Amino acid sequence: MNTPLKQDANASAETLARASSGGAVNAALAAVEIEPGWRAAARRVAEVAAQHADAVDREARFPFEAFDAIRRERLLSTLVSAEFGGDGLSLADVATICEILAQGCASTAMVYAMHQIQVACIQEHGSDVPWQRELLAELVAKQWLLASATSEDTIGGNMRTSACAVETNDGRFHIEKLAPTISYGAHADGILVTSRRTAESAAGDQVLIVAMQEAASGSATDCVRLEKRNGWDSMGMRGTCSEGFRLTADGVAGQILPTPFALIADQTMLPVSHILWASVWTGVATDAVNRAKAFFRAQARAKPGTVPPSGMRLAEAVGLLQMMQARLSIALDAARTAHQTRQSGCQADQPLSAMLGFASDMNTLKTSISTTAIQVVQEVLMICGMAGYKNGTDYSVGRHLRDLYSAPLMINNDRIAQNTASLLLAQRPAAPGRA
């Protein structure tokens, strides 16, 4: 499939080849890195998202324009492997897309990140199931948007337990769930739903079900139905439209992923969530710092030969942002190593301390980036002063700050810290000279 992403890359390669054959490429030009097509596509979408970000925030509406652009650029299938027609990008590449999109609109980037988390779960844990394989191919062709329903009225945000249970009979399933929030649920083409495996199962014995709006069978009854229960008038991330619903769904048993949800969460959902969310928050902080740099340069031009007094705060903000970027890079390396270990079948030989260490590292990634991003934007607000406090200026960061205040709440940082403490308690200290 010759997608816009591949067309851009091919065009760049052809341009360089023609120049090379004509002798026009010198050593300096040969050293220039050609931007990948997917990165250029992400930048184009970010420009569209930025144009409508204030309206999305003001009206608390879904970022339709940005997702029309995302579908045109075929970015919803970037993580899907080439086997199913996708671009097969790495998690690091998708994280970069999230960071770029967040510099235009945080809500757009967060919805995109949440979608890719669902894609990762299906691809890692369902690609051996015929129904799931067909879904991945259809997702590529139709650029479907996937959401998730892991929270529940009686258990709150603890996604590792469920009150509802899936009913299965004669190769079919039925599920009903009262979800306090399903981000962009009304705008999704499919929703991944957690539930107990059976009515007799313990709360933690869960499965993950891929419920689709458009049934593969063409049956009007084989789909997910949403009954809206509450609205979404929030402080920030207003474009995620995280409304509450009564969800009911029917379909075939192949829509239930075979891997227990506990393993899906540990191996894929949580690490990918923390990495992509961190990428979004880093992108928001990056855009804020860029505004602070522009304000700082404007101050310097107004008084040539002097360093504006906000210079120290700008240096602090830049340093914090660089620490966020470095921490994210380390997490991506750890996730890549963990994935390679699973793919090689060597996970059983991996010491328990290594697995516990990876889990605690992913947890601290989330808690550290979510709090540091807020610190960065607060520094930017002090640099830009009233120009940053007011809406509608080139230096406004009110939306950035409000969006980022959601970061410590998305799986509450206190809950994560408590879980991390338990993991650290179970870990043995590393031997001298070992990481």
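The values are calculated or read from the model by the stated rules, or taken from the named source; none is laboratory data. Predicted model only: the values in this text are computed from it and were never measured. All Cβ positions, even for glycine, are placed from backbone atoms using ideal geometry, and neighbour counts span all protein chains on display.
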query = Quick check: anything in the stretch 208-228 touching a strand residue (DSSP E or B) at 6+ places or on another chain (Cβ under 6 Å) and closer than 27 Å to L423 by Cα?
reply = yes
Top-ranked residue in the stretch 127-182 [being within 27 Å of L76 (Cα to Cα) and exposed (fewer than 15 other Cβ atoms within 10 Å of the Cβ); ranked as modelled with the lowest pLDDT] = G157
key: Index of the failed condition, V166 passing every other in (1) over 19 Å from the mean Cα position of the chain (by Cα); (2) more than 17 Å from H125 (Cβ to Cβ)   = (2)
key: Any chance I122 is at pLDDT below 95 and on the phi < 0 side of the Ramachandran plot   = no
ask   = Does D266 fit the bill of being among the acidic types (D, E), more than 16 Å from the chain's Cα centre (by Cα) and surrounded by 20 or more Cβ atoms within 10 Å (Cβ to Cβ)?
value = no
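For the stretch 22-37, does any single residue satisfy the condition of being at pLDDT 50 or above, surrounded by 15 or more Cβ atoms within 10 Å (Cβ to Cβ) and in the same structural domain as G104 (by TED's automatic domain parsing)?
The first filter runs over the stretch 22-37 and keeps only residues at pLDDT 50 or above, leaving 26, 33-37.
Then drop every residue that is not surrounded by 15 or more Cβ atoms within 10 Å (Cβ to Cβ), which leaves 36-37.
Add one more test, that the residue is in the same structural domain as G104 (by TED's automatic domain parsing), and what stays is 36-37.
Yes, some residue in the stretch 22-37 is at pLDDT 50 or above, surrounded by 15 or more Cβ atoms within 10 Å (Cβ to Cβ) and in the same structural domain as G104 (by TED's automatic domain parsing).
Could you go through the stretch 344-357 and let me know if any residue there is among the hydrophobic types (A, V, I, L, M, F, W, C) and closer than 28 Å to I97 by Cβ.
Looking only at the stretch 344-357, we keep the residues that are among the hydrophobic types (A, V, I, L, M, F, W, C), and these are 346, 348, 352, 354-356.
Among the residues that remain, those that are also closer than 28 Å to I97 by Cβ are: none.
Looking through the stretch 344-357, none of the residues is among the hydrophobic types (A, V, I, L, M, F, W, C) and closer than 28 Å to I97 by Cβ.
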ask   = Name the residues in the stretch 289-326 that are among the β-branched types (V, I, T) and touching a residue at least 40 places away in the same chain (Cβ under 8 Å), would you?
value = V289
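Mind listing whichever residues of the stretch 133-180 are part of a strand (DSSP E or B) and free of Cβ contacts under 8 Å to residues at least 24 places away in the same chain? Explain how you work it out, then say what you get.
Narrowing the stretch 133-180 to residues part of a strand (DSSP E or B): 146-149, 152, 156, 165, 167-169, 172-180.
Within the stretch 133-180, N169 is the sole residue that qualifies.
With the condition kept exactly as written, say whether any residue in the stretch 239-246 is at pLDDT 95 or above, assigned to a loop (DSSP other than H, G, I, E, B) and either buried (at least 20 other Cβ atoms within 10 Å of the Cβ) or not basic (K, R) (or both).
Yes: one or more hits.
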